[in-house]
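Structure record follows, encoded as structure tokens.
Every read-out reported here was derived from the displayed coordinates using simple, explicitly stated rules and does not represent laboratory data. None of these values were measured; they are calculated from a predicted model. Here the Cβ is made from the backbone with ideal geometry for all residues, glycine too, and neighbour counts use every protein chain on show.
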2 protein chains.
Amino acid sequence: MRSILLIEDDNPLAKSISEFLSGEGFKVTHARGQTDGVKLFQAEKFDCVLLDISLEDGNGLAICALIKSLGDTPVIFLTASADETCTVAGFEVGADDYIGKPFRPRELVARIKNALRKHSGSQTTLKCADVVIDTARGVVTKNGEEVFLSALEYRLLILFFSNKGILLTRERIADELWTLSGEFVGDNTLNVYIKRLRDKIEDDAAEPKILKTIRGMGYKAVDE
Amino acid sequence: MRSILLIEDDNPLAKSISEFLSGEGFKVTHARGQTDGVKLFQAEKFDCVLLDISLEDGNGLAICALIKSLGDTPVIFLTASADETCTVAGFEVGADDYIGKPFRPRELVARIKNALRKHSGSQTTLKCADVVIDTARGVVTKNGEEVFLSALEYRLLILFFSNKGILLTRERIADELWTLSGEFVGDNTLNVYIKRLRDKIEDDAAEPKILKTIRGMGYKAVDE
DNA sequence: TTCAATTATTACAAAATTGTAATAAAAAAG
DNA sequence: CTTTTTTATTACAATTTTGTAATAATTGAA
């Protein structure tokens with residue numbers, strides 16, 4: 001369940017938002033003001049923050065800037081005034097979206113889901129067949145089971161997966177992995193690395209379904 | 001210069017948007033309808049698409065779905081109707097934002113910049129002081145110079161940098177690096193890893209500026 | 001089919017990583 | 001100031017990674 005921190009000093013409004021979002025399957029925590037909101041934010045991890053831009057006890061913009069400096073939690077501003085300068089200022093402190101009151105509940109949900117999608121799926125994983133690289137953690141899994149790769153194997157796999165379907169010449173790969181770091185390695189070192197990667201990520205290394213050989217050219221990661 | 005594809009069949013409106021955005025430093029290409037828009041989109045790479053949701057010769061939603069299926073170009077819907085169902089439908093086909101006419105030029109620019117920021121800077125690097133992790137390549141640099149980390153050291157650093165400013169307890173770290181993978185390691189193994197990381201990324205490991213010890217609790221990465 | 005070129009595999013030392021134990025140093029408590 | 005607790009450092013063996021060489025297998029061309 002996705003958790004939302006609602007920072008809003010208009011209690012009746014906060015109550016109605018809370019109720020509606022709870023009904024939509026979100027876990028809502030309500031903070032009545034700036035102090036309260038910052039405290040709650042630092043105590044717990046939230047998936048999204050709904051923030052009233054004009055709080056009585058302080059500036060919503062400042063809270064947003066603080067939240068953004070601490071991490072990458074999406075922030076959506078709520079505001080009574082449809083004042084344009086607010087919108088612009090909001091985006092400047094890193095807000096993800098902005099919705100003017102009165103807003104329609106379904107639009108609010110749509111915007112929240114949109115923000116969540118952007119952040120969760122912010123391309124921290126690279127996938128190819130049943131192999132997934134979680135670049136945010138530096139972990140590789142095959143069918144959900146962790147595969148332990150060495151530092152260089154990991155980099156090689158990233159190179160392939162971030163160029164899925166694209167042919168990578170031997171030269172390009174060698175450049176990316178070795179020559180750019182000032183090293184020079186033998187000619188068939190890459191062959192060996194491919195073999196080692198295949199041993200770890202292919203169902204059957206003898207018949208690779210992921211790391212394909214393009215004879216005379218190089219290799220290519222394919223997803224099918 | 002950022003290029004924008006504007007798909008809008010209301011010519012006077014399109015002209016005014018084009019002029020305004022050009023003045024803001026964007027390169028605007030105007031398509032008068034669906035057919036034209038799709039053709040232009042496939043012929044050239046755009047940084048962002050502004051799309052009228054209700055085109056005379058077809059459905060804006062369908063174009064958006066098509067664009068999203070072809071890649072990851074941000075799409076912002078323009079619409080005359082402030083109709084809520086449109087907003088929801090727009091997000092469902094993967095739109096990045098939605099702005100109802102009449103819109104204020106500055107708000108339009110703010111929303112475009114927001115969308116561009118989200119897509120380009122999709123957080124592939126983690127930074128702390130002069131140390132940068134490029135998670136898209138799996139490479140760590142200090143002052144631009146590459147630092148070679150082992151697989152576990154890399155993961156540990158990612159853990160710290162993606163929780164910058166947040167205290168990580170010894171237990172939390174050990175869980176993330178070892179126990180979750182089913183391993184159990186000795187009690188002071190973490191001390192040793194911290195030392196090794198500091199040796200590699202700190203100016204002076206004896207006086208750490210990045211990986212701070214929080215006695216009795218754990219460690220914390222700080223940026224200052 | 002035969003041959004040459006390319007890629008795959010195996011095996012092996014040198015080097016690096018990994019976890020642990022022992023010891024030292026530093027900080028908090030008494 | 002001493003003692004205790006916590007963290008840092010060093011040193012060490014087992015394991016893994018890394019690059020290379022030698023050999024085998026495969027492919028495409030002649």
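Points worth noting:
- Taking Cβ atoms as reference points and 11 Å as the exclusive limit, the residues near A:Glu224 contribute a net charge of +2, counting Lys and Arg as +1 and Asp and Glu as -1.
- Within a straight-line Cα-Cα reach of under 26 Å, A:Lys101 can be paired with the following lysines, leaving aside sequence neighbours fewer than 8 residues apart in one chain: A:Lys15, A:Lys27, A:Lys39, A:Lys68, A:Lys113, A:Lys118, B:Lys101, B:Lys113, B:Lys118.
- Computed [θ] at 222 nm, helices only, for chain B once each DSSP H run of length n ≥ 4 contributes -39500 (n - 2.57): -12500 deg cm²/dmol
- Peptide-level mean, for B:158-165, of C-beta atoms on other protein chains within 10 Å: 3
- 22 Å Cα-Cα reach of B:Lys200 towards lysines, excluding residues that sit fewer than 8 places from it in its own chain: B:Lys127, B:Lys142, B:Lys164, B:Lys209, B:Lys212, B:Lys220
- Radius of gyration, Dmax [segment B:135-224; alpha carbons; angstrom]: 12.7, 36
- Rounded if a/c under 1.5, otherwise prolate or oblate - segment B:3-120, Cα gyration tensor axes: rounded
- Cα gyration tensor shape for the protein assembly as shown, rounded if a/c is under 1.5, else prolate or oblate: oblate
- Cβ-vector label at 7 Å, A:Thr141, separations to other copies in nm: 3.1
- Tilt relative to chain B, helix B:34-43 - C-alpha long axis, 0 to 90 degrees, to 10: 40
- The other copies place their B:Lys27 label points at 4.8 nm from this one, listed shortest first, where each point is 7 Å from Cα along Cα→Cβ.
- Principal-axis tilt of helix A:151-161 within chain A, Cα atoms, nearest 10 degrees: 80
- Averaged over peptide A:134-141, the number of partner chain Cβ atoms lying within 10 Å of each residue's Cβ comes to 6.
- Residue by residue along A:92-101, Cβ atoms of other protein chains within 10 Å of the local Cβ number 2 on average.
- Helix A:189-201 and the longest principal axis of the Cα set of chain A meet at an angle near 60°.
- Ranked by the mean number of other Cβ atoms within 10 Å of their residues, highest first, the peptides B:46-55, B:208-217, A:61-70 fall in the order B:46-55, A:61-70, B:208-217.
- Rounded, prolate or oblate (a/c below 1.5 giving rounded, otherwise prolate when a/b exceeds b/c) for chain A by Cα gyration tensor: prolate
- Long-range HN-HN contacts of B:Ile166 with modeled amide H, under 5 Å: B:Ala221
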